Amino acid sequence: MRILIALLLIALPALPAAAQGLPPVKVGFASAMSGPSAITGEGVRWAGTMLQEEYNAKGGIAGRKLEVYFADNEGTPAGGVSAVRKLADVDKVDVIIGQTHSGACLGALPIVKELRIPQVTESCSNPKIHELIGKNGNEWGFRVNPDDLMLANAFAKSIARGAKSAVIIAQNDDFGRGAEAAYKAAFGKVGVKVLGSEFFDRGQADYRPLLTRVKRTAPEAVLLVMLASDGSVFMRQFRELGLTQKIYARGSLATVEFLHQIRDNPSLGDGIIEATYWSASIDPEWERKWLDRWKVPVRVHGGMAAVTFRYAVVPAIELAAKKYGRVDRQTIRDALTQIDMPNTPVGRIKFDDTNQAYIEMLLIEVRGGQLKILEKVQLQQ
Amino acid sequence: MEDLLEQAVHGLTLGSLYAMVATGLALMFGVVRLINFAHGEFYMLGGYAFWFAFREAGLPYPAAAAVAAAAMAVFGLAYERTVIRAILDRTWHVQLIATLATSIVMTNLAIIVFGTQPKEVPTTLSATILQLGGIRLAWHRILVLVAAVVIFGALQWFVARTKTGKAMRAMSQNREACAVVGVDVERVARATFALSAALAGGAAALVSPLFSIFPDVGALLTLKAFAAVIVGGFGYVKGAIAAAFIIGIAESLAAGYVSYAYKDAIGFIVMIAVLLWRPQGLFGRRIGI
Amino acid sequence: MRRIAWTLGALGLVAVPWIVAGVAPGQRRYILHILVLTALWGALALSYDLVVGHVGSLSLAHPAFFGIGAYAAALLATEARWPFAAGLAAAVGLAGLAALAVGVPLFRLTEHSFAMGSLGFAMVTSIVATNWVDFTHGPLCITGIPKPALGPLRIVTLPQFWWLALAAVVLVALLYHGLTTFRLGRAFHAVRDNEGLAAAAGVNALKYRMLAFVIGAALAGGIGALWVGYINVLCPSELAVSVTVNLLVIVFLGGVGSLRGVVAGAVLFTALPEILRVAPTWRLVIYGSLLLVIVVKRPEGLETALRALGRRGARAA
């Protein structure tokens, strides 16, 4: 009898928010919802919508109803500023997940510091961001994803086992440029000779002149820094020209999205080995729910936003409620510095004193229309 | 040497694409004196029409291509009746801005309707490789080149031999005289629009199997086609075709030998150079299409 | 009576930070931020309208001059540690010089060729800014651009930025007004409306076109310097051709050739997305449609349309 009462008393705090009347917890998602990169913002928006439904069906977070807000940063620094200000001042969110694109991230960082609102970045890749957050000057910025400076050493070591020379082919934006710089340096350290770097604009379609150049240069391997939508066209032309280099990738080639684009001829992707930090296969339930809801293959940008929400922001909200008794921008920020989630699909999420998390690098191989995780590498500081 | 040849072959595919799109632009400017900044969107919509017919409805390739061209011809007529009628007699500023506005509307409606994920439409020919010595290319590229030549030939015949075609040429030379002589100026304008749009749709059906279709594909294409039209001499169709091939090959060579990242600048640099040196275009200020 | 209205208006504008704090205290920083952007866009649109509205040259090169000024100010501040005022002067000067260099060959061209040539210049500038990574940082962006400091005066808070932006748009407006009225304005308009007649009357069209073009470009460069002082990060996206599209929307929606119209256009353009709160893609559909309707039905712009509506209303009453 006493045990029953004790159990009931323990179970009491888990009752839904309605019974306690706590204010809702508000989370803002900022991404590029218009402009040339609108496809990334769409993924983030869809993820946010699904997460709101999922958590409110479970009774909210820490007994509070979840309200999700979205802002468009247009992929530019000024847009990042506007998105943060809108989410903070108009929607009055407690925490921001964003901004997907480095230009917007860089623009947003001084503002989250000014407004004292925590921002957890799910996929901005510019290494400069790491130099700016945490004890480096901005305690309100956090980042879950690694940048290529962090991935390069591990991936380059892996590539060096298979090739002694390489050409880097990268998309002409912050992601591609940052990756190219990081791998050029990392390749040098492991003895892979970089025979050249080429940049292409996203959405352009004729890679053949570039491929002919690669053929002439004759490296043993190519490192592709590109997303699925460009990668599928690229691989068709790669095979068309009969190139036989080993293919390594950073981007979103080892994804269901890519497999969907090449479904007419799955062998197009055979042999691609990609280093990434998110894959549909690490979270099959999310993939299933996404496919059911949106009828298109699951997307990396939505996936990372969901992981960031589930395994960084939600734990922080819960910790804030438990430890400080209230959920607001300051307590969430403080809680973020303390969370330690060792078993998330992307590895361990724990922010160091530079507010950066060190998740796992996945090496994924594409073969016969299937994705196979070859290796998981814990990233170092 | 083989390398150079291969790059030139790439340039021919690009050139065929630019030439087909530029021809439509040149026709519209030549016959009706209209600047159409939304022409690239005709290509984009033609691409989606082709995708729908080929991938979704399962039509065989030639039928799907015909559907794309026909659908765009109908769209061209509708566009002429609505947007163009209203701006045909206005200054070219108004025409440029109005067509630019429709370009924005069409691109963003395409994002809403079709989504941002690109559509791929590979065909058997685009996956089958032909080996010529050391050069490998998909059979589909040969198709593109052959089709382009056939289309230009047919256009030439159309303009020289058919009543409507001859009226188009006459209108491009002297519109007032045409009206005086009794040419149905309105009908010829409509026909020009339908033809231009059909050309864009056909180009999309031809080229999409090698690349992909997405809402923004028309933007850069419009600009490069304009560059070709200017370099060829505003309104002179043959000039535009030649200029388009020059730009396509120059772009491939620049991409292959100078820098791939800067290749898009080539078209504009060529255009600027021609504008500075011969403002009337490479082939002089010709009267008529 | 009018003087009182003007003075009240001016005082009102200066007092905006307090008015906003009083009316919407919880959102005041966001509103001020939007107002700063509006003022900067308004200034930029006015500098563009000098060329488009008053001498009738449809230049598509304006973002290039804005970008040249922005990059000049950003690089001088971060790499060479130039003080803000010097960077601003350099931005204005370099943009103006670029316009001079580009204008001479461009203005030899007729109409369509001029537009396409200017567009070509804008595209090449954008491509260079993106790819000359060693110099411009390309897509990796220039970060850490310092906030403006004029001597002991440091511009850091939003109200201070508002006053800076307000000063900028007022300065540009005054210059715009001065250039487009009096004899100079009449010369501009003669060139715009009937170049042949103007030439017959002894008005050198080229001289006046170049004057408007260079001044417009120099102003755009200056606004670029202010922009990077406010946002503190500069990426090549700021130079994209889409900036021209935005400027065309503002100028034509508001009223080409009219100071009040252009300013109204800037307010509409920046405020509308906030009021509409529709999905961003739909917002662009709406802009495009509005632009199309306005330019077809009433190329003078929204302001004239509203005034006509007002007159009709007054007559009915």
task = Could you go through the range B:162-171 in sequence order and give the Karplus-derived ³J(HN,Hα) for each residue, using 6.51 cos²θ - 1.76 cosθ + 1.60 with θ = phi - 60°, rounded to whole Hz, and x for Gly and Pro?
result = 8, 4, 5, x, 5, 5, 4, 5, 4, 5
Spin-label pair A:Gln378/B:Leu145, simplified geometry with 7 Å Cα→Cβ offset, distance in nm = 5.8 nm
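Taking a quarter of the surface of the Cα convex hull of the range C:1-88, what do you get in nm²? Kindly include the intermediate steps, with their values, before the conclusion.
On the way: hull surface 36.3 nm².
Hull-based average projected area comes out at 9.1 nm².
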ask   = Counting only residues 5 or more places away or on other chains, whose amide H sits under 5 Å from the amide H of A:Glu220 once H atoms are built in the peptide plane?
value = A:Lys164, A:Ser165, A:Ala166
message = I'd like the Karplus ³J(HN,Hα) series for the range B:61-72: coefficients 6.51, -1.76, 1.60, θ = phi - 60°, whole numbers in Hz, and an x wherever there's a Gly or Pro.
response = 3, x, 5, 5, 5, 4, 4, 4, 5, 5, 4, 6
ask   = With the contact rule set at Cα under 8 Å and sequence spacing of 6 or more, what percent relative contact order holds for chain A?
value = 15 percent
query = In chain A, what percentage of the DSSP-assigned beta bridges are antiparallel, given to the nearest 5?
reply = 30 percent
task = Provide the net charge surrounding B:Lys119, with neighbours chosen by a C-beta distance below 11 Å and charges set as Lys +1, Arg +1, Asp -1, Glu -1.
result = -1
note = Per the 1/(1 + (r/R0)^6) rule, R0 = 30 Å and r from the Cβ atoms of C:Leu100 and C:Asp193, FRET efficiency to 0.05 is 0.75
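Per residue of chain B, what 222 nm ellipticity follows from adding -39500 (n - 2.57) for every DSSP H run with n ≥ 4, rounded to the nearest 500?
-24000 deg cm²/dmol
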inquiry  = Rounded, prolate or oblate for the range C:185-305? Axes are the square roots of the Cα gyration tensor eigenvalues, ordered a ≥ b ≥ c, and the cut-off for rounded is a/c under 1.5.
reply    = oblate
note = Ordered by fewest other Cβ atoms within 10 Å, a rough proxy for footprinting exposure, A:Phe155, B:Phe42 read A:Phe155, B:Phe42
task = Could you work out how far helix B:217-232 tilts from the main Cα principal axis of chain B, as a 0 to 90 degree angle to the nearest 10?
result = 70 degrees
note = Here the range C:70-83 yields Karplus 3J(HN,Hα) values (6.51, -1.76, 1.60; θ = phi - 60°; whole Hz; Gly and Pro given as x) of 4, 5, 4, 4, 5, 5, 5, 6, 8, 8, 10, 6, 6, x
task = Past 21 Å, Cα to Cα, is the threshold; run A:Lys193/A:Lys376; A:Lys189/B:Lys263; A:Lys184/A:Lys376; A:Lys164/A:Lys246; A:Lys26/A:Lys323 against it and keep the listed order.
result = A:Lys193/A:Lys376; A:Lys189/B:Lys263; A:Lys184/A:Lys376
task = Sort the following peptides by mean Cβ neighbour count (other Cβ atoms within 10 Å, averaged over residues), highest first: A:267-278, B:154-165.
result = A:267-278, B:154-165
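Only counting other Cβ atoms within 10 Å, I'd like C:Ser237, C:Ser59 sorted with the fewest neighbours first.
If I rank by nearby Cβ atoms, fewest first, I get C:Ser237, C:Ser59.
For the protein assembly as shown, rounded, prolate or oblate, judged on the Cα gyration tensor with a ≥ b ≥ c (square roots of eigenvalues), a/c < 1.5 rounded, else prolate if a/b > b/c?
oblate
Using the number of other C-beta atoms within 10 angstrom as an exposure proxy, rank B:Tyr43, C:Tyr230 with the fewest first.
Least to most surrounded, the residues fall as C:Tyr230, B:Tyr43.
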remark   = Distance in nm between B:Phe158 and C:Leu150 label points, each 7 Å along Cα→Cβ, equals 6.2 nm
Within chain A, helix-based [θ] at 222 nm, where runs of 4 or more DSSP H residues each add -39,500 (n - 2.57), nearest 500 = -12500 deg cm²/dmol
ask   = Anyone know which of A:Asp174, A:Asp148, A:Asp264 comes out most mobile in the 10 Å Cα GNM of chain A?
value = A:Asp264
task = Calculate how many DSSP beta bridges within the protein assembly as shown are antiparallel, expressed in % of all such bridges and rounded to the nearest 5.
result = 40 percent
inquiry  = I need the calculated FRET efficiency for the pair C:Ala85 and C:Val170, taking r as the beta carbon distance and R₀ as 25 Å, to the nearest 0.05.
reply    = 0.90
note = Magnitude of the Cβ-charge dipole (Lys and Arg +1, Asp and Glu -1) of the protein assembly as shown about the Cα centre, nearest 20 debye, reported as 1620 debye
task = With a point put 7 Å past each Cα toward its Cβ, work out how far A:Tyr324 is from B:Tyr257 in nm, to one decimal.
result = 6.4 nm
task = Sum up the charges of everything whose Cβ sits under 12 Å from the Cβ of A:His301, counting Lys and Arg as +1 and Asp and Glu as -1, but leave A:His301 out.
result = -1
ask   = Is the range C:146-243 best put as rounded, prolate or oblate by its Cα gyration tensor, with a ≥ b ≥ c the root eigenvalues, rounded for a/c under 1.5, and otherwise prolate when a/b is larger than b/c, oblate when not?
value = prolate
Helix B:39-51 axis, angle to chain B major axis (alpha carbon atoms, nearest 10°) = 50 degrees
ask   = Taking amide hydrogens as modeled 1.01 Å from N in the peptide plane, which residues meet the under 5 Å criterion relative to A:Gly28, leaving out close sequence neighbours?
value = A:Tyr69, A:Asp94, A:Val95, A:Ile96, A:Ile97
message = Give me, ordered by chain and number, the residues 5 or more places off A:Arg348 or on other chains with an amide H under 5 Å from its own placed amide H.
response = A:Glu360
message = Counting only helical runs of four or more DSSP H residues, what would the 222 nm mean residue ellipticity of chain C come to if each run contributes -39,500 (n - 2.57) and the total is spread over all its residues?
response = -25000 deg cm²/dmol
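None of the figures in this text is laboratory data; all of them are computed from the coordinates on show. Not measured: the values here are computed from a predicted model. Counting neighbours? That spans all protein chains shown, and the Cβs are built from the backbone with ideal geometry, glycine included.
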